[in-house]
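Worksheet: one structure, shown below.
The values are calculated or read from the model by the stated rules, or taken from the named source; none is laboratory data. Keep in mind that this is a model prediction, so the values were computed, not measured. Cβ coordinates were reconstructed from backbone atoms using ideal geometry, including for glycine residues, and neighbour counts include every protein chain displayed. For the accessible areas, the whole protein counts, side chains as well, though only heavy atoms, and no ligand, DNA or RNA atoms are used. Shrake-Rupley method; radii C 1.70, N 1.55, O 1.52, S 1.80 Å.
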Amino acid sequence: MTAPATPPVSPGTSAPPPPRSGRGPRVEAHGIDVIGDDERHGRARDLFGVWAAPNVSYLSLVVGGALVLSGLSLLQALAVIVAGNLCWVLVGLVSVSGPAAGAPSEVIMRAMFGTRGNRFVIGLNGWLVSVCYVALSWSAASVTAFSLCARLGIELNTLGKVLVIVAIAAATLVISVYGHSVIVRLYLPLAIVTTAVFLVLGGFLIRHTAWSYQPPTPLHGVALWAALAGGVALVASASLSYNNSADFARYLPRDTKPFAVAAWTAAGAFLPSIVFTALGAFAATTLDMSDPQAALESVLPPWFTPIFLIAVILGAIANNAMTVYSSGLALQAIGVRLRRSRSVLLDGTAGVLLTLYALLVSDFLKAVNDMMQLMVVVLGPMMAIYVTDLLLRRNRYDGHALADERRGGPFWYVGGVHWAGIAALVLGATASASCLAVPGMYTGFLASAAGGIDFSLPAGMLIAAGVYLLAGRPRATA
């Protein structure tokens with residue numbers, strides 16, 4: 001399809017101002033509008049640091065420890081870690097649509113769900129889930145900061161805790177507001193610093209690793225398969241939440257090699273995720289990882305513990321800055337008429353309020369955490385639909401056509417909805433829910449019939465991809 005002579009401007013954005021001179025960091029002017037070829041810059045390898053920084057993560061250590069706590073041996077836990085992290089390949093594949101369209105994932109998905117249908121899908125996955133995830137991550141970082149203050153002899157009252165939470169949120173929002181260029185410049189050195197700290201931590205943990213560890217009561221049969229399948233879903237859930245990876249690749253020149261974009265994105269996330277999730281499993285062979293922070297601090301020298309806690313906070317800020325950046329784009333894609341910088345601040349405010357409520361008022365945090373465990377039901381099928389659409393179209397996305405939201409536009413489909421995409425998502429999510437097993441919270445009827453084995457991930461993704469493959473019939477966009 002030939003691009004219109006005058007590219008339409010999406011709701012929620014204004015025409016980008018002319019380029020400004022100067023080398024200092026500036027607030028990113030673009031929102032969900034198309035990035036012109038004259039503003040494309042950078043190299044595919046820049047994406048390695050972008051994806052490495054948020055994945056040098058304390059959460060990875062916690063997940064690794066949880067795998068051993070679930071009853072797996074060390075070898076079994078390591079196999080699960082590798083298998084679950086292979087889903088980063090899908091994140092890398094999705095990222096190649098960014099340079100092709102010059103648009104973020106939140107706009108590209110109009111090709112899959114239609115102009116109006118996409119608003120509902122993005123509202124659920126791109127905005128609501130992002131804000132809840134931000135609240136979870138800020139809550140964890142804030143608790144770490146409270147511990148750091150206590151170690152430094154600073155007793156925090158309620159006002160002090162509020163100020164700590166706001167300070168962490170402010171650091172996150174500064175990065176998100178300045179946007180893409182700051183993320184690209186900042187994240188590689190940030191990844192190097194946090195990696196160095198976590199590798200030192202790894203040195204202490206390896207000394208306490210029982211390499212031949214076996215659980216006190218080894219799992220067999222159905223119980224073993226249930227633990228393995230649940231572990232893979234747990235590890236994979238992190239990567240599947242990043243179906244917005246085109247957001248961070250859309251500024252690359254149009255002729256950037258797709259393989260390079262996919263490889264640097266996937267490698268940047270895969271390598272640190274493998275290493276640091278494995279460290280969590282190593283730690284759990286001799287330490288009680290049911291309280292990860294206390295367990296880790298018990299083997300660290302006093303001089304290193306504050307450094308480690310600071311690295312945890314920096315990792316949470318890096319992770320949340322990317323999430324808030326994309327949630328701001330999601331808010332625009334829903335149809336909210338705000339500049340990207342203002343939509344980021346709005347999302348950040350919502351995240352701060354949820355964090356304050358979670359830590360100071362209620363056990364809201366547990367409710368949100370439970371909801372996030374259930375979101376794999378939607379995340380897997382959405383990723384499968386995105387990848388299937390990309391392969392069917394051979395990555396031929398026209399950003400200007402995708403930006404056209406007029407009735408009867410290229411992606412209006414029927415009443416603004418691509419029913420094939422919606423059907424694939426609904427049927428995939430239904431299949432996934434039927435096969436989901438979250439102990440103590442929810443077990444689908446197929447998972448129950450299988451003895452509690454959670455195969456929600458492959459079931460949801462295969463059904464969604466199959467339905468979309470048969471019914472999608474993508475339109476040419478290039």
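Laid out as a table, the results:
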quantity: The chain: angle of helix 364-374 to the longest principal axis, Cα-based, in degrees nearest 10; calculated: 70
quantity: Candidates per chymotrypsin sites (Phe, Trp or Tyr not before Pro) in the stretch 173-232, loop by DSSP, up to 11 other Cβ within 10 Å; calculated: W211
quantity: J(HN,Hα) series, the stretch 193-205, from Karplus relation 6.51 cos²θ - 1.76 cosθ + 1.60, nearest Hz, glycine and proline x; calculated: 5, 5, 4, 4, 5, 5, 5, 4, 4, x, x, 5, 5
quantity: FRET efficiency, R396 to L163 (Cβ-Cβ, R0 45 Å, nearest 0.05); calculated: 0.35
quantity: Under 15 Å, Cβ to Cβ, from G415 - net charge with Lys/Arg +1 and Asp/Glu -1; calculated: +4
quantity: Accessible surface, per residue, of the stretch 169-328 when the full set of protein chains is kept, probe 1.4 Å, Å²; calculated: 38
quantity: By average C-beta atoms within 10 angstrom, highest first, the peptides 253-264, 146-157, 333-344; calculated: 333-344, 253-264, 146-157
quantity: Protection proxy ranking of 26-34, 405-413 - average other beta-carbon atoms within 10 Å, highest first; calculated: 26-34, 405-413
quantity: Inter-centroid distance (Cα atoms) of the stretch 298-326 relative to the stretch 120-161, Å; calculated: 12
quantity: 3J(HN,Hα) from dihedral phi, the stretch 450-465, Karplus parametrisation 6.51/-1.76/1.60, rounded to Hz, x for glycine, proline; calculated: 8, x, x, 6, 8, 10, 5, 5, x, 4, x, 5, 5, 5, 4, 5
quantity: Percent of Cα pairs exceeding the 18 Å cut-off, where the set is the stretch 53-120; calculated: 58
quantity: MRE, 222 nm, helices only [DSSP H, n ≥ 4, -39500 (n - 2.57), over the chain, to nearest 500]; calculated: -20500 deg cm²/dmol
quantity: Cα centroid of the stretch 443-463 to Cα centroid of the stretch 212-258, whole Å; calculated: 17
quantity: Peptides ranked, highest mean first, by Cβ atoms within 10 Å: ranges 179-186, 233-240, 287-294, 123-130; calculated: 233-240, 123-130, 179-186, 287-294
